[in-house]
Every structure is written in C-alpha cells, then in structure tokens.
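Have a look at the structure below before the remarks.
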Amino acid sequence: MSELIKNFFKELTPYPPGKPIEELEREYGIKGSIKLASNENPLGPSPKAVSAIKQSLNKINRYPDSSAYYLKNRLAEKFSLPMAHIILGNGSDEIIKLATHAFVSPGDEVIIPFPTFLMYEKNTQSFQGELIKIPLKDFYVDLNSILNAISEKTKIIFLNNPNNPTGTALNINEISHFLEVIPEKIIIVLDEAYIEFATSENIKSAIQFLESYPNVIILRTFSKLYGLAGLRIGYGFASKHIIKLLTLLQQPFSTNYIAQVGALAALSDEGFVKKTLALITEGLNFIYSQLDSMDLTYISTQTNFLMIKTPIGSEETYKRMLKEGVIIRSMEDFGIKDFIRVNIGLPEENERFIRTLKKILS
Ligand SMILES: *Cc1c(COP(=O)(O)O)cnc(C)c1O
C-alpha cells in the first residue's frame, strides 16, 4: 500500500479547523460552550437567506443551474461587472484551489506572506509548487520583500487583505503600486474574505483594478459577513479569460442549488449586513477597552477577529480557555507562540471571553 502513495503526501499538513462546540462538550463533559475561533457571524445566518432556502427545498430533486444565472446576474449588478468576469465556488476555498490548479505546475513558485490563511499553502503543496514564505513585518504584509522574492519561476502571489490571522490590511495605494510593478505573467490572488469589515478609509476592495490588470483574481465569500459558512459558497472576479480557465477545471455543480438561492437572498439583506457590522464595531470597542484596562497587547484589526498577546503563551491560553468552555485559536501552528486569535461574538460572548481570560490569567 505505502508504495502506492505519492511522495508529496509527506509534505501535506491537514487543515486544522476550529474545534466544533459539540466536540469540546463531548470531550470535556461540559455544556454552554461558546466558539470564537472561526470568524463566523455570531448573529446566525442572514434571515432572508434562511427564508429563501426554506421555500426552495422542494426543488432539490433538480440539478442546480450550473451557470448560476440569477446569482451571477445579481453580483454583476452589485459590483458593476459583466457576468463573464464572475466565478462561484464551493466556498472561496474552491476558487483558491482552482487558481492553484490552473497556474501551478510541479516546481513552480508560489509566494505567500507568513502567517496568512493556510489554504494557500495547502493547495500549493497539493499541486507540488514551491512555497516561498515571506515573513510579515510588524504583523503587516511586507510587499517590498515579496517583490524581491519574485523569480522566473513565480506563478502566483497570494495576498489576503485584510490578512487572516493578523487582521492587518494593506491600503489601496499600496495595492495599486504593487500591481503596477508586478510582471503581468504572475497571477495575483487578492483574497478579500474580510474586506466588508474594514473600517479604515483607505482599506478597500481592489475591484477597481480588475480592468487594468488581467492577472488579478479577487476572492470574496458568503461565509463571514452573510453568515453562510455552512452553505459553502464564495465568489471571485477576474478577466474573462481566467474565469473561463477556472470554470473548465470546476465540477459542473460545485455550488449547490440551496447555496445559490441562499446567497442570492443574502445579497439583498441589507438590514442583516448593517446589524452585523454594527455588532462587530461595538464588540471590538468593548474588547479593545477591556484589553487596555488589563494591560494586554493586541493588534488593531480591520476584520471581525483580532490577535491578542498572552503572558502565558498561546497554547496554554488555548487549553485553559477550552476547559472553561471558550473556543479560540492558538497561533502556535503559525509559529506565533505568544498570541491567540479570537473573533467578535455576541455581547454576552465577548463578556464571557473577557471574564474567562481574566480568570485564567490571574
Ligand atoms: C474564511 C476565509 C475564507 C472563506 O472561505 P470559504 O471557503 O468561502 O468559506 C477565505 N479566505 C480567508 C482568508 C478566510 O479567512
């Protein structure tokens, strides 16, 4: 059996998902746990999405529309782009995979900042690309060092803006300058999974650059702002040519019917979006002020999560919080031994997080 297994499997590390609440409660025999580990929407799913999905359930005997006409049409309208510039995916994770599949051959180089979202690394390994990891500088993506790392073999540069797990973001001028100097034969994947949460005036989507730069792929998701992580649907924008290539690699029905219906309804759920953004702002302000009064260091964020420095180490903090029924993320896997990552929850969840943090640190 072992001789059947391709060599590159040795390099593959499993993606560590946030611990599910049910698993924690089973293992520790506790109840009433909370999860602030996967940057999910604490308000639940968009109610408009839920209602549309309920009404569509009696149609799941049919295959979905593989062109997802209505959803793409709505996205095209919302972002003022032709439909041919839009792709949907089974989560934006799938589009990350398609891009890597399309452009990376064994031995090609892929540049990523480090730490960043783990899926860029995983997919590069799966397609046997060489990863070039460029360390962050003071927790910010270091574009100059990324530029210097470009070689003849560079095929893709992945940028997550704002960046997971740090919550820091590049401003639109930095992105503009970067795109200007990158050779056109290098694909830039700009993952904007959290861009809707950004509050700084200069942190905004790079959509405006799509027309000038046919090598840019922009990724978005319904998983965070719209609260549809379990539905598995994300979307991307790029040149017609790239969208065509990625679509060729895709299974015809990778975004299912219910996901298409839910996502379409969520796009017009402005009340839910407003409520979510207000909740995150309010929660962040609460957490910032509490951390200040506890004299803890944290990294100001442009997202719905933040990194906090802990005096007892990342892993120890994670374990002690788990025992108290609060699931967060240790940053140890990212090589950051003294920070945790936590996402903003409901007000009572944020209070519980702070209360528990005080308890385990005292
Ligand atoms: C959550 C997240 C996504 C979204 O992934 P989906 O597959 O759409 O759920 C993409 N990129 C980053 C950086 C994320 O944190």
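Couple of notes before you dig in:
- Tabulated pairs, the stretch 163-188, first at positive phi, second crowded, with 20+ Cβ neighbours inside 10 Å, C-beta under 7 angstrom, 6+ apart or interchain: G167/T301; G167/Q302; G167/T303; G167/F305; G167/L306; G167/M307
- Selection from the stretch 120-144 of residues that are among the aromatic types (F, W, Y), outside any helix (DSSP H, G or I) and within 23 Å of G107 (Cβ to Cβ): F127
- Complete set of residues in the stretch 1-57 that are among the basic types (K, R), in contact with a Lys or Arg (Cβ under 9 Å, 6 or more places away or on another chain) and at pLDDT 90 or above: K35
- Applying the criterion of being of a type in the set (G, A, S) and more than 18 Å from L131 (Cα to Cα) to the residues of the stretch 146-178, the residue that is surrounded by the fewest Cβ atoms within 10 Å (Cβ to Cβ) is S176.
- Residues satisfying the stated conditions in the stretch 206-251, i.e. surrounded by fewer than 22 Cβ atoms within 10 Å (Cβ to Cβ) and under 26 Å from K275 (Cβ atoms): I207, A229, G230, R232
- Residue in the stretch 106-115 that is among the small types (G, A, S), surrounded by fewer than 22 Cβ atoms within 10 Å (Cβ to Cβ), away from the ligand (no atom under 16 Å from the Cβ) and free of Cβ contacts under 8 Å to residues at least 40 places away in the same chain present: no
- Pair list, Cβ under 8 Å, 6 or more apart: the stretch 242-254 residue under 12 Å from H85 (Cα atoms) and at pLDDT 95 or above, other residue outside any loop (DSSP other than H, G, I, E, B) and of a type outside the set (A, V, I, L, M, F, W, C): I243/H85; I243/G236; L246/G236
- The helices (runs of 4 or more DSSP H) located wholly in the stretch 1-118 that include 1 or more residues which are within 25 Å of T276 (Cβ to Cβ), of a type in the set (G, A, S) and under 21 Å from the mean Cα position of the chain (by Cα) occupy 47-56, 92-103.
- Positions within the stretch 41-61 being within 16 Å of E348 (Cα to Cα) and crowded, with 17+ Cβ neighbours inside 10 Å, in sequence order: N41, P42
- Filter pass, S254 being buried (at least 18 other Cβ atoms within 10 Å of the Cβ) and out of contact with any Ser or Thr (no Cβ under 7 Å at 6 or more places or on another chain): yes
- Only listed residue being more than 21 Å from G283 (Cα to Cα) and of a type in the set (V, I, T), chosen from I340, I328, I336: I336
- Number of residues in the stretch 263-277 that are in a helix (DSSP H, G or I) and either within 19 Å of the chain's Cα centre (by Cα) or within 16 Å of Y235 (Cβ to Cβ) (or both) equals 8.
- In the stretch 315-338, residue farthest from the chain's Cα centre (by Cα) [restricted to those that are under 27 Å from L225 (Cβ atoms) and without any contact (Cβ under 8 Å) to a residue 60 or more places away in the chain]: M321
- Condition broken by E192, with the remaining ones in (1) in contact (Cβ under 8 Å) with a residue 24 or more places away in the chain; (2) surrounded by fewer than 22 Cβ atoms within 10 Å (Cβ to Cβ) satisfied: (2)
- Within the stretch 283-300, residues that are assigned to a helix (DSSP H, G or I) sit with their Cβ atoms under 6 Å from residues that are surrounded by 14 or more Cβ atoms within 10 Å (Cβ to Cβ) and of a type in the set (F, W, Y), at 6+ positions apart or across chains, in these pairs: L291/Y298.
- Among the candidates K337, K358, the residue that is surrounded by fewer than 18 Cβ atoms within 10 Å (Cβ to Cβ) and part of a helix (DSSP H, G or I) is uniquely K358.
The values are calculated or read from the model by the stated rules, or taken from the named source; none is laboratory data. These numbers were taken from a predicted model, which means no experiment stands behind them. Virtual Cβ from ideal backbone geometry, glycine too; neighbours counted across all protein chains shown.
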